[in-house]
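Reading through the structure tokens given below for one structure.
The values are calculated or read from the model by the stated rules, or taken from the named source; none is laboratory data. Every value quoted in this text rests on a predicted model; they were computed, and no experiment measured them. Note that we place each Cβ from the backbone using ideal geometry, even for glycine, and neighbour counts take in every protein chain shown.
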Amino acid sequence: RKRILWKHSGVLSSLPKLKFLNLNDDKLTGTIPVTFANLSKLKHLNIGQNQMHGNILSELGSITRLQVFSVEKNKLTGTLPESLFNLSTLQKLSFMTNQLTGHLPKDVGCFLPNLQVIFAAENKLYGSIPEFLGCLQERKVLNLYGNKLTGTIPVTFVNLSKLEHLNIGQNHIHGNIPSELGSITRLQFFSVEKNNLTGTLPDSLFNLSALQTLFHDQSTNRASPLKMLAASCPISNCSQ
């Protein structure tokens with residue numbers, strides 16, 4: 001039986017000391033209650049894997065202690081409120097697999113010094129990948145797969161020294177794969193499949209000893225195919 005989330009919102013808003021709220025995969029419907037903004041001490045909010053619809057409310061940006069925010073795998077629409085990207089305590093942000101549109105804020109990396117994980121895959125986001133994403137030096141995961149992003153791969157990604165997972169596949173990104181990405185020494189997963197990339201695959205990628213998976217779909221990318229020249233190549237799962 002489905003439960004309507006807004007029927008519980010009055011009770012939840014009367015819990016001023018609430019720090020952890022996990023309603024993941026709970027068959028919830030309805031919209032995100034604006035009363036969540038009153039939970040000033042909330043650190044963890046997960047309402048993912050439900051059937052929620054409507055917008056992500058800008059008022060949620062007032063929960064200044066929030067560290068984890070997940071609304072993934074719902075039916076949310078509209079654009080991303082910029083207020084979310086001003087939460088300096090945020091460590092994980094997941095809104096993947098919805099129907100969200102618009103673009104990522106240009107200054108997305110300026111006010112999120114603690115952000116480690118961004119799951120934004122499988123939406124309808126458009127525009128270029130912001131250069132300021134390279135300012136998120138604590139980030140370990142960036143997944144922008146399956147959107148409508150354009151432009152080129154930002155060279156500022158080279159600043160993401162702790163990055164382990166980078167997926168920008170199935171977009172409309174063009175240009176070269178920057179050789180500077182070969183300096184992200186902790187990178188384990190790298191996917192640029194199903195884009196409009198040109199040029200050659202930089203040799204620096206094959207010096208990444210931590211790299212386990214590399215997806216490069218030559219049917220849509222026009223970069224030169226992989227050259228597995230060294231017997232000691234660290235990549236264990238290559239797709240072209």
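Could you tell me how many of the residues in segment 52-67 are among the charged types (D, E, K, R) and assigned to a loop (DSSP other than H, G, I, E, B)?
1
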If you check every pair at least six apart or on different chains, which have Cβ atoms under 6 Å apart with a residue in segment 135-152 that is modelled with pLDDT of 95 or more first and a residue that is outside any strand (DSSP E or B) and small (Gly, Ala, Ser) second? Asn143/Ala121; Leu144/Ala120; Tyr145/Ala121; Tyr145/Gly169; Gly146/Ala121
Go over the candidates Lys41, Lys73, Lys92 one by one and state the one that is touching a residue at least 24 places away in the same chain (Cβ under 8 Å) and exposed (fewer than 15 other Cβ atoms within 10 Å of the Cβ). Lys41
Residues that are at pLDDT below 90 and among the β-branched types (Val, Ile, Thr), drawn from segment 104-125: Val108
Subset of segment 38-71, residues among the small types (Gly, Ala, Ser) and within 21 Å of Asp26 (Cβ to Cβ), comes to Gly48, Gly54, Ser70
Report, by residue number, each residue of segment 161-175 that is surrounded by fewer than 16 Cβ atoms within 10 Å (Cβ to Cβ) and either within 14 Å of the chain's Cα centre (by Cα) or assigned to a helix (DSSP H, G or I) (or both). none
Just the residues that are among the β-branched types (Val, Ile, Thr), at pLDDT 90 or above and closer than 15 Å to Leu181 by Cα, please, taken from segment 191-206. Val192
It is to be established whether one or more residues within segment 115-126 are at positive phi, among the acidic types (Asp, Glu) and either part of a loop (DSSP other than H, G, I, E, B) or buried (at least 16 other Cβ atoms within 10 Å of the Cβ) (or both). yes
In this structure, is Gln188 at pLDDT 95 or above and either within 18 Å of Ser209 (Cα to Cα) or not basic (Lys, Arg) (or both)? yes
Filter segment 207-232 for residues that are touching a helix residue (DSSP H, G or I) at 6+ places or on another chain (Cβ under 8 Å), farther than 19 Å from Asn143 by Cα and either modelled with pLDDT of 90 or more or not in a loop (DSSP other than H, G, I, E, B) (or both) and give the result. Asn207, Leu208
Taking segment 189-201 as the search range and keeping residues that are under 22 Å from Glu122 (Cα atoms) and buried (at least 16 other Cβ atoms within 10 Å of the Cβ), which one is farthest from the chain's Cα centre (by Cα)? Leu197
Need the failing condition index for Val158 against (1) buried (at least 21 other Cβ atoms within 10 Å of the Cβ); (2) touching a helix residue (DSSP H, G or I) at 6+ places or on another chain (Cβ under 7 Å); (3) not in a loop (DSSP other than H, G, I, E, B); (4) not charged (D, E, K, R), just the number. (1)
In segment 68-86, what residues are in contact with a strand residue (DSSP E or B) (Cβ under 8 Å, 6 or more places away or on another chain) and either part of a loop (DSSP other than H, G, I, E, B) or over 19 Å from Val34 (Cβ atoms) (or both)? Val68, Val71, Glu72, Asn74, Thr77, Gly78
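Have a look at Phe132, Phe111 and point out the one that is aromatic (Phe, Trp, Tyr), surrounded by fewer than 21 Cβ atoms within 10 Å (Cβ to Cβ) and more than 15 Å from the chain's Cα centre (by Cα).
Phe111
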